[in-house]
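The structure appears right after this line, and notes come after that.
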């Protein structure tokens, strides 16, 4: 963050001049410091001049592409949200496996991108010492990996349940497909299927109690209905 203001600095790397300007302008108008780079060379120059808090990185660029950038920056890098005009499942999965913190298909809604940037930054801040997340009457303990509320007993979460609930808490009021939830929940386990997601969400609902804020969106996926603190 900027030492003077405490405001997060976002670097948008995209060879589309118009889109890059649109995104940086939108982020700047919503309280962030936004910088732009047309390619990996310009990105490296900006990073060498000073730190940034998050990179929005286009997958398809002339010269070094986004996946190559991700691979060489795996250690000691800021969080990265990948953008791709292709939007194919294989590209999204590869991007996440290589190390992207989130993935968004182009053209994207700037408001959704802003929400995802804030969610990724928030996760980073929590990892530095905030041990809980709160949503409604519930408390998610990030250290103990448990969930509690005044009207339910504290329930321990499996690794998959914890990953899935954390992902949904970070994306409130967004419809998430089963494929997206598979990516969020599988961790190091590549064998995760639609049915496993349904079963895991069923267990989570029981642990959260009768007022569980997880809604089924028929034919599309699931939605977490509460914003987290």
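Each reported figure results from applying straightforward, stated rules to the coordinates on display, with no laboratory input. On a predicted model such as this, the values are computed, not experimentally measured, just so you know. Neighbour counts are summed over all protein chains in view; Cβ atoms, including those assigned to glycine, are modelled from backbone coordinates with ideal geometry.
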| query | Between residue 173 and residue 115, 0.36 nm times their residue separation minus their Cα-Cα distance comes to what? | reply | 19.8 nm
| field | Listed peptides 197-209, 37-49 by packing density, highest first (mean Cβ within 10 Å) | value | 197-209, 37-49
